[in-house]
Structures are given as structure tokens and as C-alpha cells.
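This report concerns only the one structure given below.
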Amino acid sequence: MAAKNTNMLSLIFSFIILGLAHLNLVNTLSSKYYDQTCPNAESTITSVVKKAMLNDPTVPAALLRMHFHDCFIRGCDGSVLLNSTGKNKAEKDGPPNISLHAFYVIDNAKKAVEALCPKTVSCADILALAARDAVTLSGGPTWDVPKGRKDGRVSKATETRQLPAPTFNLSQLQQSFAQRGLSMDDLVALSGGHTLGFAHCSSFQNRIHNFSSKQSVDPTLESSFAASLKSVCPAKNTAKNAGANLDATPTTFDNRYYKLLLQGKSIFSSDQSLINSAKTKALVSKFASSQQEFQKAFVKSMIKMSSISGGQEVRLDCRAVN
């Protein structure tokens, strides 16, 4: 009993620390942070992202996902950008992050910004701005990104186990988001980021093969959609890059994701779980019927998530600590 109470106190203390860190950084971030020290930082980063998109249409989805994965581990501190070293396996080499790509875009943006304003703009801020640009340049909303994040010096692959998995149920998702000061409303709005991108078979095979002892396929999947997923991801799939787009317009930031969710055509079981409670289903329905309402909620939740506290320095190289 004593051990149980100790664990509970430890958990409560962790929540308090997270909350204080979150409030502390929200108070120090500012949309005008670089107005005097590097006024052209944002336009420079935008031009780098735009150029990369012209060469590779998957860049926006990659940058948005990279930012999520950064913020959910140790806060938005650019720790996902650090390379592994001989003594340490970094976040980017943790299982959930193996498929992250487009790190070169952040490198190119950092190089361009360093040429303008040396030792001024953090890699964490560059990633937050690039994620915003990824959304805007894909037809989504724009917003003023609060800036002033610092870069972290710690990055551990083992900590990527804390990332919400595509197999999570609603209570697991809710707990993961709550630990980071994010609400159920934030969960549903930020899940809309799945309007961009592609999923590999491994992330949804639990729904189309051996779903349960009684059913091979998840019964919440629409039957023809399930059949199409099974055709690209057979039980003994050997194609490394096989998978499916997250929605029918994978390079356009729209509300299609929510419409498909209501039709039983979502990719992940974590997505499907959003219609398993009255509150979250009402939000899904609201966003499915109004792109404007979705975008407004997404912007609010992105600002909240990207303000979770992080590091200590302004890195000179986004892949290595100073």
C-alpha cells in the first residue's frame, strides 16, 4: 500500500512539474521574439520549406510529424534532431521515429538563418516554424508562432516509448495528452494532422490481420476499405514501403480525415477510437462538417502543444549539442 501511495505521489508531482514547466515557457515565448535580433528568420525558413516541397511533396507531412514527435518527448526542444553518438542512441533512432525523414530541410533552414543571424535562432524554433509553414503551404491555416524556445542537450531513443502509438485506445491517448497539459479537445484537433501523409503497413496491420480470436478484421472498418488495405498489406507483406495514404488528399491540409473517420475509413485504431466517446465523436462531427471550425481549433491546439517547455541552449548544429 505504501509503495502504491508513493507511486501516486510521484505521478502527481510529475504532473505538477510538467504543468509548471509548461506555464513557465508559455510566459517567455513571444511571436515578436526575433523582431530585433533576426527579423528575416521566418521568411528565410518559409522559402527553404517551399523549395523542399517542390522537390518532394511528402515534406510537409514529415515536418509536421517531426514537430509532434519532438514536443511529446522532453518538450519542444529540438531533441528529435540530434544524431546518435557512440555512447548514446538518440530519439531519431527509436522505433517510432525510424520513418521520420526530411531532417535535411531543418539543416538547410538552420544554415540559411545562421548566415543571417549567427547563434541566434534555435533549432527548436526553426522546427516549430517549419511545421507551421508545412500546414500553410499545404492549403491549411497560418498563425503567429510564439518563439524563444531553447534547444535540449539530451536525446534518448528509449524515451520514444512515451509517444502515443497508432494502436492506442481513447483512454491511453487521453492519458498521454493530459501528461503534456493537453485536453481532449486538443487531442481531437491535433489528430487532424493525419490529413497529411502516409502510413506503413506495420502501423495498422493490427486492424486487418488477426484482429481478435473471433474476427480477422476490425469490424469498425468499412468492408471495401478494409479489403483495399489488405490488398496493399497482405499478411506476409515483404514490401518495405507498402502502406496507405492517411486520407484521400494526403498532400492537402483539409478536413477530409474527419469525414473518412465517420465513414469507417480511418487508418489507425487510435483514429477510430475518437468516435468511441460522445464528446470526441461530437468534435469529429463538428470538424467533418466545417473546415473553418477544424482549422480554428487546430491552430489553437498547435500553439498550445508547441509551447511545451524544452531546452537550454541555441545549437549551432541541429544534429549535435554545442
Which of the residues spanning segment 194-246 are under 23 Å from PHE294 (Cβ atoms) and among the charged types (D, E, K, R)?
GLU222
Could you please find all residues in segment 181-199 being surrounded by fewer than 18 Cβ atoms within 10 Å (Cβ to Cβ) and either out of contact with any Leu (no Cβ under 7 Å at 6 or more places or on another chain) or in a helix (DSSP H, G or I) (or both)?
SER183, MET184, ASP185
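Could you list, in sequence order, all residues of segment 68-100 that are part of a helix (DSSP H, G or I) and farther than 23 Å from LYS240 by Cβ?
If the condition is that a residue be part of a helix (DSSP H, G or I) and farther than 23 Å from LYS240 by Cβ, then PHE68, ASP70, CYS71, SER79, LEU81 are the ones that fit.
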Looking for whichever is of a type outside the set (S, T, N, Q) and within 20 Å of the chain's Cα centre (by Cα) here; the options are ARG315, ARG256. Which one fits?
ARG256
Out of all the residues in segment 202-218, is one or more β-branched (Val, Ile, Thr), part of a helix (DSSP H, G or I) and not assigned by the TED database to the domain that holds HIS69?
yes
Within segment 31-46, count every residue that is without any contact (Cβ under 8 Å) to a residue 12 or more places away in the chain and either in a helix (DSSP H, G or I) or among the hydrophobic types (A, V, I, L, M, F, W, C) (or both).
1
Just to verify a result, which residue in segment 269-287, among those that are out of contact with any Ser or Thr (no Cβ under 6 Å at 6 or more places or on another chain) and crowded, with 20+ Cβ neighbours inside 10 Å, is nearest to ASN206 (Cα to Cα)?
SER270
State which residue is farthest from GLN295 (Cα to Cα) when the search covers only segment 142-164 and only residues that are part of a loop (DSSP other than H, G, I, E, B) and open to solvent by less than 30 Å² (accessible area, probe 1.4 Å).
SER155
Result of the Cβ filter at 8 Å on segment 229-245, keeping first residues that are closer than 13 Å to PHE198 by Cα and partners that are among the charged types (D, E, K, R), at least 6 apart or interchain, is LEU229/ARG207
Whether any residue in segment 12-30 is assigned to a loop (DSSP other than H, G, I, E, B) and either closer than 15 Å to MET305 by Cβ or modelled with pLDDT of 95 or more (or both) is what I want to check.
yes
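The values are calculated or read from the model by the stated rules, or taken from the named source; none is laboratory data. Everything numeric in this text was worked out from a predicted model, so none of it was measured. Backbone-built Cβ (ideal geometry, glycine too); neighbour counts: all protein chains shown. Side chains included, ligands, DNA and RNA excluded: accessible areas come from the protein's heavy atoms. Shrake-Rupley method; radii C 1.70, N 1.55, O 1.52, S 1.80 Å.
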